[in-house]
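Student: Have a look at the structure that comes next, please.
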Amino acid sequence: MSAVARLAGVHRSLIYRHSDLHAAVLSRAAQPQEGPEKPQVSRQSLLADLANLTDRNTRLARHVNRLEQRLSEAFGQDAWNATGLGAPQDIAALQRKIDDLEQQVAELRDRLTEREEDLQAARVTNRELMTQLNSSSRPLR
C-alpha cells in the first residue's frame, strides 16, 4: 500500500478509505510480478514468511527466557555459597553422613543394652540353678 501511494503521490490512508482502490491494489499484489529477471514474490509468500518468522521469534524468546532463568539460578547459587549462607556441598554431605552414623550408634547402643539385660537375666537364672543344685546335693544330717 505504501509503495502504491508513494508512486501515486497520495497518502496511503486514501487507498484504505476507498474500497475499490484497496481491492485493486490487493488483487494486483496477488498476481505474480511480470518480468523474467526479477524473483517472483507474492503477497501470500510474504505472509507465510512473516508467520514463520513470528513463530521462530516466539520460540527464540522462550529459549532466551529459559536460559536467563538458568543463569539466574546459577548466579543465585554462587552468591549463596560465596556469602557463606549455605553450606558447601561437601560439608552438607559430611553432615548427612554424621547423622547416619549417629543413628547407627544409637541403634547399636540399644542392641547392647538388650544383650546386657539378657546376660543379667541369664546370670540370675544361673545363680538360682546353682543354688538349687547345691541345696539338693548336700548330704542329709
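The values are calculated or read from the model by the stated rules, or taken from the named source; none is laboratory data. For clarity, every value in this text was computed on a predicted model and none was experimentally measured. Every residue, glycine as well, gets a Cβ built from its backbone with ideal geometry; the counts of neighbours run over all protein chains shown. Please note that ligands, DNA and RNA were not included when accessible areas were found on the heavy atoms of the full protein model with its side chains. Shrake-Rupley method; radii C 1.70, N 1.55, O 1.52, S 1.80 Å.
Student: Any residue in the stretch 96-118 that's modelled with pLDDT of 95 or more: show its pairings with residues that are open to solvent by less than 100 Å² (accessible area, probe 1.4 Å) at Cβ separation under 8 Å, as long as the two are six or more apart or on different chains.
Tutor: none
Student: When you look at Val10, is it modelled with pLDDT of 85 or more and not in a helix (DSSP H, G or I), yes or no?
Tutor: Numbers: modelled with pLDDT of 85 or more: yes; not in a helix (DSSP H, G or I): yes.
Yes; evaluated as a whole, the condition is true for this residue.
Student: Suppose we filter the stretch 1-19 for residues that are of a type outside the set (Lys, Arg) and within 19 Å of Ala30 (Cα to Cα); how many remain?
Tutor: Number of matching residues: 10.
Student: Inside the stretch 92-107, can you point out the residues that are open to solvent by less than 100 Å² (accessible area, probe 1.4 Å) and of a type in the set (A, V, I, L, M, F, W, C)?
Tutor: Scanning the stretch 92-107 gives Ala92, Ala93, Ile98, Leu101, Val105, Ala106.
Student: Restricting the stretch 13-22 to residues that are of a type outside the set (Phe, Trp, Tyr) and part of a helix (DSSP H, G or I), which is least open to solvent (accessible area, probe 1.4 Å)?
Tutor: Ile15
Student: Based on this model, can you work out whether Gly84 counts as at pLDDT below 90, within 30 Å of Met1 (Cα to Cα), of a type outside the set (S, T, N, Q) and loosely packed, with under 10 Cβ neighbours inside 10 Å?
Tutor: Criteria not met by Gly84.
Student: Check Arg127, Arg96 and return the single one that is more than 39 Å from the chain's Cα centre (by Cα), part of a helix (DSSP H, G or I) and over 30 Å from Gln31 (Cα atoms).
Tutor: Matching residue, one of Arg127, Arg96: Arg127.
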